[in-house]
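What follows is a short report on a single structure.
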Amino acid sequence: MNYWLMKSEPDVYGIADLQQQGETVWDGVRNYQARNYMRQMLVGDLVFFYHSNTAFPGIAGLMRVGKTGIADPSQFEPDSKYYDPKSTPEAPRWQTVVVEFVEVFEQPILLSTLKEKFSPEELTVVRTGNRLSVMPVSETVAQKILAMKTG
């Protein structure tokens, strides 16, 4: 099993939304490195749900990869801000995954706490200027994060 971290702004789509829906297509990723990471995901991988662009950013909960190799449907929707006119159903440029809700942490693990516990080499999300929305997490770091959670 692999571990990942995926960011979303809680006012756009938060862990509470995922908890209510049970699962969702993680659409709208338009960064090639992030897309390539999603291509590496396997069913059953665990993903830390990170709330970004908020007063107190941090890991809010946990989700699991439920399906892989999904063509991101938003790339084909002309009215979507994620529309890609160069992408076709026969040759989609953007793949994604379906994620399933696992749990909400009783207290989020704040970015400030993550910066105290991990170096930028250990955990990409603590790197200054990091804007990547999908990133791998090593098993060692993932186990330490899981030990920090409550809920």
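Things worth noting here:
- Backbone phi angles across the stretch 116-133, fed through the Karplus curve with coefficients 6.51, -1.76 and 1.60 (θ = phi - 60°), yield HN-Hα couplings of 6, 8, 10, 7, x, 6, 7, 9, 4, 4, 8, 5, 4, x, 5, 10, 5, 8 Hz in residue order; Gly and Pro are listed as x.
- Using a simple spin-label model with pseudo-atoms 7 Å out from Cα toward Cβ, Gln21 and Gln33 lie 2.6 nm apart.
- Taking only the C-alpha atoms of the stretch 1-143, the Rg (one decimal) and the largest Cα-Cα distance, Dmax (whole number), read 14.9, 46 Å.
- Here the chain has 48 percent of its accessible surface on carbon and sulfur atoms, given a 1.4 Å probe and all protein chains in place.
- Gap separating the Cα centres of the stretch 1-55 and the stretch 97-111, nearest whole Å: 9
- Dipole in debye (nearest 20) - the stretch 1-62, about Cα centre, beta carbon charges: Lys, Arg +1; Asp, Glu -1: 280
- Available extension along the chain between Gln40 and Glu77 is 10.8 nm, counting 0.36 nm per residue and deducting the alpha carbon span.
- Ordered from largest to smallest accessible area (heavy atoms of protein chains, 1.4 Å probe), the residues Arg131, Arg39 come out as Arg131, Arg39.
- Of Thr96, Thr24, Thr88, the one that fluctuates the most in a GNM where the chain has Cα springs shorter than 10 Å: Thr88
- The phi-based Karplus calculation (6.51 cos²θ - 1.76 cosθ + 1.60; θ = phi - 60°) puts the 3J(HN,Hα) values of the stretch 75-89 at 5, 9, 9, x, 8, 7, 5, 9, 4, 10, x, 8, 9, 10, x Hz, whole numbers, x for Gly and Pro.
- Its Cα centre serving as origin, the stretch 63-116 has a Cβ charge dipole (Lys and Arg +1, Asp and Glu -1) of approximately 180 debye.
- Based on C-alpha pairs under 8 angstrom that are at least 6 apart in sequence, the chain has a relative contact order of 31 percent.
- With protein chains left intact and a 1.4 Å probe, residues in the stretch 95-151 average 54 Å² of accessible area per residue.
- Using 0.36 nm per residue and subtracting the Cα-Cα separation, the extra length available between Lys117 and Met148 on full extension is 10.1 nm.
- Among Glu77, Glu90, the sequence by solvent-accessible area, most first, with a 1.4 Å probe is Glu90, Glu77.
- Remark: the stretch 47-151 carries a charge dipole of roughly 240 debye about the Cα centre, counting +1 on each Lys and Arg Cβ and -1 on each Asp and Glu Cβ.
- Within-11-Å neighbourhood charge of Val125 [Cβ basis; K, R +1; D, E -1]: +3
- Spatially near lysine pairs across the chain, Cα under 25 Å, sequence gap of 8 or more or different chains: 12
- Amide H contacts under 5 Å for Leu5, placed H, 5+ residues apart: Phe48, Met135, Val137
- Structure remark: mean-square fluctuation, Gaussian network model of the chain, C-alpha springs under 10 Å; the largest value among Val126, Val97, Val47 belongs to Val126.
The values are calculated or read from the model by the stated rules, or taken from the named source; none is laboratory data. What you see is a predicted model, and the numbers here were worked out from it, not measured in a lab. Neighbour counts are summed over all protein chains in view; Cβ atoms, including those assigned to glycine, are modelled from backbone coordinates with ideal geometry. The area values use the complete protein model at the heavy-atom level, side chains included, leaving out ligands, DNA and RNA. Shrake-Rupley method; radii C 1.70, N 1.55, O 1.52, S 1.80 Å.
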